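Trainee: To start, I am sharing the structure in question, which I have written as structure tokens.
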Amino acid sequence: MSFPKDDNELNNALSEAFAPSPPADFDAWCRQHSQAVGCLDPQRINAETRRRRLTSRTIMFAAAAAAVAAVWFGALTFFVHGPGANAFALTVEQIRRARTITWKNVFYEHITSKDGKRTWAHTGVIECAYRAPGLYREVRLDDNRQVKTVEIADSIHGRKLTYSLKGKKATLSEFTPRHDDAGPFAFSLEKLNSPNLQWVGKRKTAFGEANIFRHTFRWYVGRERDWSMDLWIDVKTKQLVALYQPGADVYDPEHDPARNAPPGDASNYSMRRMMGGGQEDIRYDVPLDDSLFRLQPPEGYSVEVKPGDRVTEKEMIRYLGIVADFNDKTFPDEAFSSWKLLDKIDRARKKPRKDLTTAERTLLDTDMRYGWRFGGSTDEPILVFFIRDPDTTVKNSFRYLGKGVKLGDKGRIVCWYQLKGAKSPNTYRVVYGDLSVKDVAPEDLPLPVRP
């Protein structure tokens, strides 16, 4: 939302955006809802000081203040449930207590033709459903909205069924259980408590109207650029009905110039660039048949059974070398999510494939393979090996010392850790700059292994 340069422009913009409202006794309203006004003030100014300040502005700019009051009244139809109430408690509670939730995952990307002369917009859709506790269903659709694959996961027990309609093949696999599964949208719900959350307007939905609240932040990828998340809250029900990242201030698919460009051959391209995505058409307590969440392949499908997928020690060490080679043959500053490294990866992803160096292409291709395999992103093999798989390493035994270590330096330590079930449980596995590995006693390490 771009803010007007002066009060007259503000008044005109607000008059166009909102229907005319009857004259409001703004002072009386402030006295009646003093706690709500205090909560909205980021400086936590007391209600009486806030009232005098707003009264002064009303005397000086009567028309503008009336318009601002109309905006505040509209926004506070959401906020005010009672003195001291958590503004979004009802929204969060409705998600947590829902027995079923359905929604659509959408992602927007730009595809550039092989010759680099044309770019068009492409939208992907995944239909999703959730049944408490911990059951998920994802149906991936093709561009003709026909079903390609189905995935059903039981996060509580760590089991998953995936099957593809093409070829009638199914896979039953295991993964690390999440006994404390918080349900869908858990990460996004944290943003509702953000101190910089802004109300930026209203939008029509299939079921009525939604208030749009925006969380803005500085994203470490892409040279610390501005980023945002838009959360759509239904005006009447106070339910979360959609969320998008980034918000419309960064990328708005409805006003994307590439949207009107004729699509080309999506299998013959020079570059695909992800623009954004989100969850939309969120519905609660929808009747869903139990059969939708059964981990049973359809009749007539061939079935492959896979044990829990794990990253081996050899894979993890090889990936450390790939990352160091990409990073100018130097190990990154941090083992997980190094900001400088992510920025560099982001810039490489924006290059046409023909312009990538061998090190860049190797890392991006490896990340893509592990992303499909584990559903994650950069540094995935390291995360899986040291954090996500509880049966690989001893808890709290990992120590990273790789900052500034050159690839090939056999005298410098990159990291150490203890393997579960090792023949020598008291020794530590030490990885060096030349990617060699040795078993070392704790007293021979350069730093204490325990706090």
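Just so you know, all these numbers are worked out from the coordinates, no wet-lab data involved. Model, not experiment: these values are computed from the prediction. When we count neighbours, we look across all protein chains shown, and the Cβ atoms used for this are built from the backbone with ideal geometry, even at glycine.
Trainee: Quick check on the exposure proxy: order 230, 289, 409 from fewest to most C-beta atoms within 10 angstrom. Display every interim value, and only then the final one.
Mentor: On the way: 230 24, 289 7, 409 16.
The most exposed by this proxy come first: 289, 409, 230.
Trainee: Over region 298-451, what relative contact order in percent results from Cα pairs under 8 Å that are six or more residues apart? List each step's numbers first, then the result.
Mentor: Details: 201 pairs, mean separation 31.7, N = 154.
RCO, region 298-451: 21 percent.
Trainee: What's the extension gain from residue 140 to residue 226 if we count 0.36 nm per residue and subtract their Cα-Cα distance?
Mentor: Stretched out fully, the residue 140 to residue 226 stretch lengthens by 27.9 nm.
Trainee: Another question, if that's okay. For each of 382, 413, count neighbouring Cβ atoms within 10 Å of the residue's Cβ, then give the residues from fewest to most. Don't skip to the answer; put the middle values down first.
Mentor: Details: 382 23, 413 20.
Least crowded to most crowded, the residues run 413, 382.
Trainee: Explain nothing, just the number: dipole magnitude of region 384-451 about its Cα centre with +1 on each Lys and Arg Cβ and -1 on each Asp and Glu Cβ, in debye rounded to the nearest 20. Before the final figure, lay out each step's value.
Mentor: Values: 12 positive and 7 negative charges, 29 e Å.
So the dipole magnitude of region 384-451 works out to roughly 140 debye.
Trainee: Under unit Cβ charges (Lys, Arg +1; Asp, Glu -1), what dipole magnitude, rounded to 20 debye, does region 112-174 have relative to its Cα centre? Could the numbers behind the result be given before it?
Mentor: Values: 13 positive and 8 negative charges, 50 e Å.
Using Cβ point charges on Lys, Arg, Asp and Glu, region 112-174 gives about 240 debye.
Trainee: In region 313-444, if the dipole is taken from +1 on Lys/Arg beta carbons and -1 on Asp/Glu beta carbons about the Cα centre, which of 352, 425, 338 is farthest to the positive end?
Mentor: Selected residue: 352.
Trainee: Something else now. Using only the Cα atoms of region 97-302, what do you get for the radius of gyration and for Dmax, in Å?
Mentor: 18.9, 54
Trainee: Here's something else I'd like to know. Of the listed pairs 191/344; 329/350; 117/351; 166/350; 114/329, which have alpha-carbon separations greater than 23 Å here?
Mentor: Working: 191/344 27 Å; 329/350 21 Å; 117/351 15 Å; 166/350 32 Å; 114/329 31 Å.
Pairs exceeding 23 Å: 191/344; 166/350; 114/329.
Trainee: Treat each spin label as a single point 7 Å out from the Cα along the C-beta direction, and report the residue 272 to residue 159 distance in nm.
Mentor: 3.2
Trainee: Hey, another quick one. Residues with beta-carbon under 10 Å from that of residue 284, excluding residue 284: net charge, scoring Lys, Arg +1 and Asp, Glu -1? Can you show the working numbers first?
Mentor: Working: positive: 97, 99, 283; negative: 285.
Result for the neighbourhood of residue 284: +2.
Trainee: How big is the dipole moment of region 126-264 about its Cα centre under a simple scheme where the beta carbon of each Lys and Arg is +1, that of each Asp and Glu is -1, and everything else is neutral? Debye, nearest 20, please.
Mentor: Details: 22 positive and 19 negative charges, 67 e Å.
Here region 126-264 has a charge dipole of around 320 debye.
Trainee: Where does each of 175, 326 land when they are ranked from fewest to most other beta-carbon atoms within 10 angstrom?
Mentor: Working: 175 20, 326 25.
Going from sparsest to densest Cβ surroundings: 175, 326.
Trainee: What is the distance, in nm, between label points placed 7 Å from the Cα along the Cα-to-Cβ direction at residue 328 and at residue 356?
Mentor: So the label points at residue 328 and residue 356 sit 2.2 nm apart.
Trainee: Stretch residue 168-residue 441 to full length: gain in nm at 0.36 nm per residue minus the Cα-Cα span?
Mentor: On the way: separation 273, 0.36 × 273 = 98.28 nm, distance 5.21 nm.
Gain on stretching residue 168 to residue 441: 93.1 nm.
Trainee: Between Rg and the Kirkwood Rh of region 180-318, both from Cα atoms, what is the Rg to Rh ratio? Before the final figure, lay out each step's value.
Mentor: Values: Rg = 20.3 Å, Rh = 19.3 Å.
Rounded to two decimals, Rg/Rh equals 1.05.
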